[in-house]
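Working notes for the structure below.
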Amino acid sequence: LRKAKGVFVGGAQLAPSLATQGRLEEIPLNICYGMTETASMITLLESKDFLDSKEGVGECLSHSKIRIANSRFEIRSDSLCYRLESSEFSKTDWIQTSDEGKYVQDEGYHFITRSDRCINSGGKKINPERVEGVLLQLPEVEQCVVLGEEDEFWGQKAVTYLVLVREIEPQELKRRIKEELLPHEIPKEWRVVKELPALKKGL
């Protein structure tokens with residue numbers, strides 16, 4: 001990787017441990033930010049700036065603009081999708097995202113977190129409610145909640161907390177949901193608990 005002209009990593013903030021390792025190994029990482037709805041890449045922190053220890057996801061590319069309202073990114077882009085579910089967009093629309101961030105002079109935009117429950121794991125988005133719905137179809141599962149927790153490798157990882165009707169190995173539950181979920185949607189950690197109320201307060 002050190003011999004490459006550039007390696008693109010996105011579309012959110014790079015995990016600190018990976019940034020440190022990338023700089024130690026002098027790998028020319030280009031950090032970008034974007035969403036599926038905007039063709040995935042609307043900002044860029046160039047590799048020379050990354051290796052010079054600058055943080056964040058860089059400045060907007062020429063086809064896009066970002067403004068910040070109540071800490072949330074709002075985006076306008078020539079690469080914006082035409083439609084998202086029942087909503088239709090034009091290139092002149094400002095789209096409010098669920099991403100929270102800030103602008104730092106001489107560095108650019110910094111992605112901080114998401115204001116909704118969506119989990120961004122290794123650049124793949126996971127809808128916790130979809131995963132919970134599949135788990136709750138299993139007769140052994142009385143209650144469950146899926147949360148995104150920080151992870152040095154993935155950025156975030158999906159962790160499920162389960163209240164079970166009867167004892168069963170989590171690996172068996174994992175095997176039974178593989179046909180219902182995409183590989184990246186399957187929780188990376190499974191924790192059996194007696195009750196969920198303390199966890200639900202944070203949702």
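A few notes on this one:
- K157 being within 30 Å of N70 (Cα to Cα) and either β-branched (V, I, T) or outside any loop (DSSP other than H, G, I, E, B) (or both): yes
A quick yes/no check of all residues on (1) at pLDDT 95 or above; (2) of a type in the set (G, A, S); (3) not in a strand (DSSP E or B):
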position	(1), (2), (3)
L1	no, no, yes
G11	no, yes, yes
G56	no, yes, yes
E59	yes, no, no
I75	no, no, no
S79	no, yes, yes
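- Meets criteria (modelled with pLDDT of 90 or more and either in contact with a Lys or Arg (Cβ under 8 Å, 6 or more places away or on another chain) or open to solvent by less than 50 Å² (accessible area, probe 1.4 Å) (or both)) for T97: no
- Among the residues of the range 137-180, those that are over 15 Å from C118 (Cβ atoms) and among the hydrophobic types (A, V, I, L, M, F, W, C) comprise L138, V141, C144, F153, L162, V163, L164, V165, I168, L173, I177.
- Being farther than 21 Å from G122 by Cα, open to solvent by 50 Å² or more (accessible area, probe 1.4 Å) and either touching a residue at least 12 places away in the same chain (Cβ under 8 Å) or not charged (D, E, K, R) (or both) is a description that applies to R67.
- Some residue of the range 128-135 being touching a Pro at 6+ places or on another chain (Cβ under 9 Å), surrounded by 15 or more Cβ atoms within 10 Å (Cβ to Cβ) and within 23 Å of K157 (Cα to Cα): yes
- Hey, I31 within 22 Å of R114 (Cα to Cα), in a strand (DSSP E or B), in contact with a helix residue (DSSP H, G or I) (Cβ under 9 Å, 6 or more places away or on another chain) and in contact (Cβ under 8 Å) with a residue 40 or more places away in the chain or not: no
- Restricting attention to the range 167-188, the residues that are part of a loop (DSSP other than H, G, I, E, B), open to solvent by 30 Å² or more (accessible area, probe 1.4 Å) and either free of Cβ contacts under 8 Å to residues at least 12 places away in the same chain or not basic (K, R) (or both) total 6.
- For K125, the criteria (1) of a type outside the set (A, V, I, L, M, F, W, C); (2) under 19 Å from the mean Cα position of the chain (by Cα); (3) open to solvent by less than 50 Å² (accessible area, probe 1.4 Å) hold in every case but one, which is (3).
- Considering F73, F111, the condition of being under 18 Å from the mean Cα position of the chain (by Cα), in contact (Cβ under 8 Å) with a residue 24 or more places away in the chain and over 24 Å from F153 (Cβ atoms) is satisfied by F73 alone.
- Filter result (part of a loop (DSSP other than H, G, I, E, B), modelled with pLDDT under 95 and either among the basic types (K, R) or surrounded by fewer than 18 Cβ atoms within 10 Å (Cβ to Cβ) (or both)) within the range 34-52: A39, S40
The values are calculated or read from the model by the stated rules, or taken from the named source; none is laboratory data. Please read these numbers as outputs of a predicted model, since none were measured by experiment. Counting neighbours? That spans all protein chains shown, and the Cβs are built from the backbone with ideal geometry, glycine included. Surface accessibility is based on the protein's heavy atoms, side chains included, excluding ligands, DNA and RNA. Shrake-Rupley method; radii C 1.70, N 1.55, O 1.52, S 1.80 Å.
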